[in-house]
Every structure is written in structure tokens, then in C-alpha cells.
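Single-structure report; data block below.
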Amino acid sequence: MAVAGVLDEIVDTARYPLADVGSADREGVVALARAELAEDGCTVLREFIRPALVETLRAQGEAMAPHAYYEVERVNAYNIPLDTELPQDHPGRIVLDRGNAFVPRDRIPADALIHRLYTSEPFQRFVADCFGLAELHEFADPLAGLCLNVVAPGMSHPWHFDTNEFTVSMLTQPAASGGVFEYCPNIRSPHAENLDDVRDVLTGSGERLVRGLALRPGDLQLFRGRFSLHRVSPVTGGHQRHSAIFAYTDRPGVIGTVERTRQLFGRVLPDHLAAADAVRGDRLLD
Ligand SMILES: O=C(O)CCC(=O)C(=O)O
Ligand SMILES: [Fe+2]
């Protein structure tokens, strides 16, 4: 089968039979992922990529990394404007340096392993099933849909919540030291911000809430980052940490705002302007 063929080449389909919809083996993998996501918002599918391709995965990431947009941004954990009016002790008042940089989708070759996986229909169906979603769509955004997250030595991707309810990612090159993915399972819920716990983590006294994840290149991570505060700890050692971020949504046509796109990538494309026009009817400043 042609579609399964692409996956077979990249994914360890003996362990993860993505295309065998309805098979007991696939159901078992999905059920385990669902149980772990329900329990603590995160699941890791170990050695998802065939071990023989892990070096290709790393080398492709390294080749695209120079196309990342490097600009340290001052942020808070909620990714809301820093001048938002908040009570004195609100953790959203704690300012962090976001030192990671993203390679955008239009600088990722179509034949790169991460691009082939991101656009694979059976892969998307599998991810949807793991998250329990009826529908799953690639971001319509020509930059933010698929990114390589680059964290250079001395930098970190600081504590934050994702806007998206679910995130799919894959480490392609670990840091020499540091650069650990750390998260606080379900530290907030749709009904409760739990500001005291979030403040503890941001001020360094929340160790009891933090879990470190030992990721290896080629592992697939499924994560509910909207409820679990998370970060990539400071990278040390001689080289960058790279991870692929596969951005999907549960409805079609989602595209980033002009302002956010400029912050993340340093530029916008006609699609972003057109989407803003469609929403606002003009291109005037606020
Ligand atoms: O690079 C990672 O492992 C995490 C990335 C992340 O949290 C994000 O892009 O929102
Ligand atoms: Fe995140």
C-alpha cells in the first residue's frame, strides 16, 4: 500500500502499526497513549523513528538550524502582553527571556523526515486517535505549521503554557548537557489557574511539581501543554538542542496573527495579511 509505504520507511511500524486502523496492535498503542495523556497530560512513544534513521533526522535538523530566527524575546508564562494589568503577586508578572529560535515551515525541505511525517495522513489519523479528536488538521499557517525549535548553548525555552490544547514534538538532537524537557502535569485546569503553584515553579521553589522527561532523538512526544506548565531547561555544552514541533488543530484554516508571526519569525507572508484582512476588513493600526 503506497501510503503505508512512506510510513514504513520512517516509522517502526512493527511496534507502531499506524496504518492498520482497527487492528488490535494499533488499538493497544492508542489505548496506552490515551491512558497516559489522561493521567498526566503527556505520553512518549519511544523509538518511533527507525533507529537507522536517527542520524539522518539529526543531520537534517542541523542543516536547517541556521534558518532559525534568533531574537531573544521578553515574555511571561502565559504569553500575554507584559503590560497586562495583573495583581501584584500574579505569576504572569514574572518576566522571562525566551531564548529559543524557530526554523519556519517554509525553510524545511519537503523531503525532510519531519515534513514527510507531519503531512502523512495515517500519521495524522493516529495522532488524532491518541488525543481522542474527531478531526485533525495541519495549521494553515505557512510558517508555524511545522517548526524546528532551536535552543543554543546558554539559552532556554522558559516556563510557559501553550495556546494549543495539544502538541506533537520530536527531539532530533539532544543538548550535550542541560536542555531537559521539564513539565508540571496538569498544574492548571480549565476551571482553575492554581496561581500559587505556578508562582512556586517560576520562582524556583516548586521542585515537588516538576517532572523531567528523558527524551531521546526519534521519540514521539504527545503533550497537552495548555494545562501543564513546561520548559526546556538551559542548554549547556558545545552544541544546540533541536526538536521538531508538529502543529495541528482540530479545525481547518487556522493561521497566526500578524503580530505574533512577526515576533516568532521576524517576518509575515501574504497569507497572514490576507487572514487579518478577512477578520478585520482593513489593514489600519489599532
Ligand atoms: O522543544 C521542546 O521540546 C518544547 C517546545 C515547546 O514547548 C513549544 O514549542 O511550545
Ligand atoms: Fe510549549
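We did not get these values from a lab; they are worked out from the coordinates using the rules stated. The structure presented is a predicted model; accordingly, all values stated were derived computationally and were not measured. Cβ: placed from backbone, ideal geometry, glycine included. Neighbour counts: every protein chain shown.
Worth a mention:
- With contacts taken as Cα pairs under 8 Å and at least 6 residues apart, the chain reaches a relative contact order of 25 percent.
- Sum of side-chain charges, residue 62 neighbourhood, beta-carbon under 15 Å (Lys, Arg +1; Asp, Glu -1): +2
- Charge tally in the Cβ shell below 14 Å around residue 188, where Lys, Arg are +1 and Asp, Glu are -1, residue 188 excluded: -4
- Sum of side-chain charges, residue 159 neighbourhood, beta-carbon under 9 Å (Lys, Arg +1; Asp, Glu -1): 0
- Computed magnitude of the charge dipole of the chain (debye, nearest 20; Cβ of K, R +1, Cβ of D, E -1): 460
- A dipole drawn for segment 3-274 from +1 and -1 charges on Cβ atoms has a positive end, and of 122, 52, 140 the residue lying farthest that way is 52.
- For segment 25-154, a simple Cβ point-charge model (Lys and Arg +1, Asp and Glu -1, everything else neutral) yields a dipole of about 320 debye relative to the Cα centre.
- Based on the reciprocal of the average 1/r between different C-alpha atoms, the Kirkwood radius for segment 119-216 equals 16.2 Å.
- Quotient of C-alpha Rg and 2.2 N^0.38 Å, computed over the chain: 1.00
- For segment 1-142, taking the reciprocal of the average inverse distance between every pair of different Cα atoms yields a Kirkwood hydrodynamic radius of 18.1 Å.
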